[in-house]
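Here, each number is a calculation from the coordinates, and none is a lab measurement. If you're wondering where the values come from, they're calculated on a predicted model, not measured in any experiment. Counting neighbours? That spans all protein chains shown, and the Cβs are built from the backbone with ideal geometry, glycine included.
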């Protein structure tokens with residue numbers, strides 16, 4: 001049986017986060033010396049740290065929270081495709097692949113080459129991609145980028161369009177070591193009742 005491969009960013013102190021967002025930190029807040037038996041850690045982080053999913057509430061006050069999302073979307077067969085050296089990702093790029101019946105689509109762009117620095121620009125999802133992917137049957141789109149929109153976008157057009165066509169968003173994947181092809185994906189969000197997003201431990205296994 002093929003082994004599971006980790007496609008998640010490591011969560012470490014001083015890691016890069018979205019500019020202005022909560023820095024990630026972990027510390028032992030209650031040590032064995034203090035407790036007499038255990039070390040207990042404290043984590044402080046944004047819901048959008050590292051590899052994470054967006055819930056619609058992230059960009060829509062009336063949108064679903066993390067707890068409202070169907071967890072089955074984040075487990076199951078997925079296709080990985082490579083679209084490197086792009087300024088943006090459009091329908092014409094996706095048409096090079098047979099996506100009929102694909103429920104979960106993961107896209108390697110290779111655009112975030114240095115993860116110790118937040119990227120100034122990224123290839124964003126173009127208008128029309130949401131409608132096109134929905135027609136193919138895609139319900140989850142994942143990328144090796146911190147967003148599906150340009151980093152300076154306030155309108156978040158891609159977030160809104162993808163969601164309007166029933167697509168869910170998985171961001172911040174690490175796909176450098178993953179070939180194109182079909183895989184099993186597991187990228188479960190935490191059971192956060194009120195949250196607009198959630199970190200995930202995303203893993204793939206070759207089919």
As an exercise, use a Förster radius of 30 Å and the Cβ-Cβ distance of residue 134 and residue 61 to find the FRET efficiency, rounded to the nearest 0.05. 0.80
Give me Rg/Rg_expected for the chain, where Rg uses Cα atoms only and Rg_expected = 2.2 N^0.38 Å with N residues. 1.04
With runs of 4+ DSSP H residues as the only contributors, calculate the mean residue ellipticity of the chain at 222 nm using -39,500 (n - 2.57) per run, divided by the residue total and rounded to the nearest 500. -2500 deg cm²/dmol
Measuring from the lowest to the highest alpha carbon on each principal axis, how far does the range 1-96 reach, largest first, in angstroms? 61, 44, 30
Full-extension gain in nm, residue 68 to residue 34, via 0.36 nm per residue minus C-alpha separation: 8.3 nm
Mind checking which of 159, 124, 52 has the largest fluctuation in a GNM of the chain, springs on alpha carbons under 10 Å? 124
Arrange the following residues from fewest to most other Cβ atoms within 10 Å of their Cβ: 201, 65, 104. 201, 65, 104
Quote the FRET efficiency, to the nearest 0.05, computed for residue 154 versus residue 201 with a Förster distance R0 of 22 Å and r equal to the Cβ-Cβ distance. 0.10
Within the set 69, 106, 167, GNM on the chain using Cα springs under 10 Å gives the largest fluctuation to 69
Mind telling me which of 63, 41, 101 comes out most flexible in a GNM of the chain, alpha-carbon contacts under 10 Å? 41
Could you tell me the calculated FRET efficiency between residue 13 and residue 93, based on Cβ-Cβ distance and R0 = 45 angstrom, to the nearest 0.05? 0.75
Sequence-separation-based contact order of the range 5-206, relative, with Cα cut under 8 Å and 6+ spacing, percent: 30 percent
Multiplying the sequence separation of residue 6 and residue 121 by 0.36 nm and subtracting their Cα-Cα distance, what value in nm do you get? 38.9 nm
